[in-house]
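Asks: What follows is a single structure, and I will ask about it in a moment.
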Amino acid sequence: MDKQITPPNQPERKGPDKLGGTAAARRRLLEDLLLSIKLASQEERIALIIELAGRDELTLAERRQVLIATQRYLVNARTELPREIAGLLWAILRLANRQDLRRKALELFRTAMEAMPRTEVVPQLKEPLLELVKQLLPRGTDAEFSPELFQRASRRLLNNDNSESVIHLISLGLFFFPFNGPLREMRAEANLDCGRTNSAMSDFEELVEQFPERLNFRLARAEAAIRLGEYEEAMGDLEVYLKHNPDDPEGLRKKGECLFHQGRHFESLSVLNELLKLEGDSAELFVNRARVNEQLEFLDDAQQDAERALELDKGNQEARQLRQSIMFRRQSYGMEDDLYSAFVRGDEELFLGELKIPETRFADIGGLNQIKQSIRETIEYPLKFPEVSERYGKTAGGGLLFFGPPGCGKTMLARAAAGECGVTLVNVNLAHVLDKWVGNSEKAVSMVFAAARKRAPSILFFDEVDAIGGNRANLQTGWEKKLISQLLIELDGLTSINENVMVLAATNTPWEVDFALRRPGRLGRLVFVPPPDAGARAEILKLYLEKKPFIEDGIDYAAFGAKLEHYSPDAIRQVVENAAAIPWREAIETGAARPIGAVDIAVSIEQTPPDLTEWEKVVKRYEEFAKQSNKQVGIGFKKPAGSEGPINPS
Ligand code: ADP
């Protein structure tokens, strides 16, 4: 025991003689004192603690008992502490005279430190703390009060595999040297080791902020985030890390894990493939890949992977269990699902329908000039010039939701956007996906996104997104909810890693689109695609008519444009088809050919009823909808100044 320890302001202590003469009597008195500690008031208790700390006769158990009383005192003390703290700290030091009590002492020092105002603690704590740290190091260690001293002592404690007390010790060190990186790193790791992930997280956060250039801290923070189930955050760090170390197995492993937990199984699969290429065969990787394949229902592959893992590591229990459960599922499924195998073969068209670069151009669309220009800026340029756009912060981020009456060009705009960019359009009708993939729709959604990524740069277009309506929330079935949540996961995934996949969607009834889908960053930018005004109608009529090789000169398009009120572009196209049929029939019947003329158009208009009469009533509702979602309305919705009148973006 260190005889030189003497409390500075030690209160007057009763001498051993006052405790009584014989050893037996002294022991009895000591035991009385120990007993009275429990019943004492706060003030009495501190006096008793200091008193007892001066006794050499205490047994180990008794020392521990007094230390615990000290802890109770500290926890209750708060404001009274500063006055008494010096005496108390010395008492703790004296009581903790043995290796196994020093852990308790560290904890108590930390409790004292945390219970007190900083200004009070610093001067009081330093000297006894130095004493305590010295005791943790081999005798004769040059003991200057420095971060290095704490580092050395912590390392020694760590060797004894004692994370808890290491955390106390480092916290004490950090109290004096809050910006010491190595100390904080040690604490973060010790916290992680003993499962205090939240504390580890806040240390890593501090470290990343303090040393933004140290990428390892990001990797470590990602690990903490993964343990907390915060995969989105982890992915953020991993992206930065992998940007500089693209082939780092550790980073890739974590990325694969995040993707798996986010339900992004295809991406997870490709990361695992990459890792297997980098690292060669590894049982662990095969087990992970088996798991991903199982999720994707690629049961053949999953089973093969589990078997490979077992070949490499016969005792691998995880692989064994996995193989068993996969085999069981294969048996109970019986037949393989045609659509899945189609996807594996690369015949995505089988379930996606369209999957190509469209021929449509903006020139094929009449009117909607402002929308076309906005699409150039929000879609075409970022897709075509990703680097330049990134530099100016003009990256994709969030998709467009076209809304408006049917037949007015929403789908056409999506086609033309892809056509103008020269990228693949992945055209998905969610209602069909739901039909075809009953019970498995969320997997289908993953595949759709995977197909779009595979062809990036690409445009993913969801027609009739209202098919999974949010306003009918109470009617939503389990699989609809699953589908929506998968859709959200995928959409959020796209924007965060900017994979050059742009998302567009269309609906006639925007108010029925699930609200979660319309959040910024998802399908947050609303674009009203209105019925054409007279000018646009004239333009559209001309567009379709001029596709016919044999037409009369001098047709008054403007007059027809005015006449075609309540006709959608689709109906106008029909008018032209019907008009062309008139001279064609005549030519076949009589053998005399004449060009398509104004009369034919007039007759055709008479025979083709307008299709938007009903929809005009809904325009009000569109307006209201746009007003409500005001801040989110992106492009193409502009009212003439000072009027509540019809919307005319052309
Ligand atoms: P929506 O998706 O809005 O229901 P579509 O874009 O599918 O409508 O349009 C249906 C058809 O109508 C298109 O194939 C095209 O022939 C024609 N059409 C629609 N809008 C226009 C337009 N603005 N200009 C030319 N043709 C159009």
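The values are calculated or read from the model by the stated rules, or taken from the named source; none is laboratory data. Because the structure is a prediction, the values reported are computed rather than measured. Quick reminder, even Gly has a Cβ in these numbers, built from the backbone with ideal geometry, and neighbours come from all protein chains shown.
Asks: Please verify whether the range 300-315 includes one or more residues that are over 31 Å from the mean Cα position of the chain (by Cα), modelled with pLDDT of 90 or more and within 16 Å of the ligand (Cβ to nearest atom).
Replies: The answer is no, given that none of the residues of the range 300-315 is over 31 Å from the mean Cα position of the chain (by Cα), modelled with pLDDT of 90 or more and within 16 Å of the ligand (Cβ to nearest atom).
Asks: Still on this structure, please answer the following. Can you confirm whether Arg537 is out of contact with any helix residue (DSSP H, G or I) (no Cβ under 8 Å at 6 or more places or on another chain) and either of a type in the set (Ser, Thr, Tyr) or part of a helix (DSSP H, G or I) (or both)?
Replies: no
Asks: Looking at Asp492, Asp533, Asp514 in this structure, which one is modelled with pLDDT of 85 or more and not aliphatic (A, V, I, L, M)?
Replies: On inspection, the qualifying residue turns out to be Asp533.
Asks: Within the range 121-174, how many residues are modelled with pLDDT of 80 or more and either aromatic (Phe, Trp, Tyr) or assigned to a loop (DSSP other than H, G, I, E, B) (or both)?
Replies: 6
Asks: Please tell me if Arg139 is out of contact with any helix residue (DSSP H, G or I) (no Cβ under 7 Å at 6 or more places or on another chain) and of a type in the set (D, E, K, R).
Replies: In short, yes.
Asks: Same structure, new question: I need every pair where a residue in the range 352-381 that is in contact (Cβ under 8 Å) with a residue 40 or more places away in the chain and in the same structural domain as Thr411 (by TED's automatic domain parsing) has its Cβ under 9 Å from the Cβ of a residue that is of a type in the set (Ser, Thr, Tyr) and within 12 Å of the ligand (Cβ to nearest atom), sequence separation at least 6 or different chains.
Replies: Listed pairs, sorted by first residue: Gly366/Tyr544; Gly366/Ser650; Gly367/Ser650; Leu368/Ser650; Asn369/Ser650; Gln370/Ser650; Ile371/Ser650.
Asks: Something else about it: In the range 573-603, which residues are in contact with an Asp or Glu (Cβ under 8 Å, 6 or more places away or on another chain) and under 24 Å from Asp556 (Cα atoms)? So that I can check it myself, show each step before the final result.
Replies: The first filter runs over the range 573-603 and keeps only residues in contact with an Asp or Glu (Cβ under 8 Å, 6 or more places away or on another chain), leaving 579-580, 582-583, 592, 594-598.
Across the range 573-603, the qualifying residues are Ala579, Ala580, Ile582, Pro583, Arg594, Pro595, Ile596, Gly597, Ala598.
Asks: Another question about this same structure. Of everything in the range 508-552 that's of a type in the set (Gly, Ala, Ser) and crowded, with 22+ Cβ neighbours inside 10 Å, which residue is nearest to Val465 (Cα to Cα)?
Replies: Ala536
Asks: Further, regarding this structure: Return the residues of the range 504-523 that are closer than 27 Å to Asp570 by Cα and either more than 16 Å from the ligand (Cβ to nearest atom) or out of contact with any strand residue (DSSP E or B) (no Cβ under 9 Å at 6 or more places or on another chain) (or both); say none if nothing qualifies.
Replies: Kept after step one, since they are closer than 27 Å to Asp570 by Cα, are these residues of the range 504-523: 504-513, 523.
The answer is Trp511, and nothing else.
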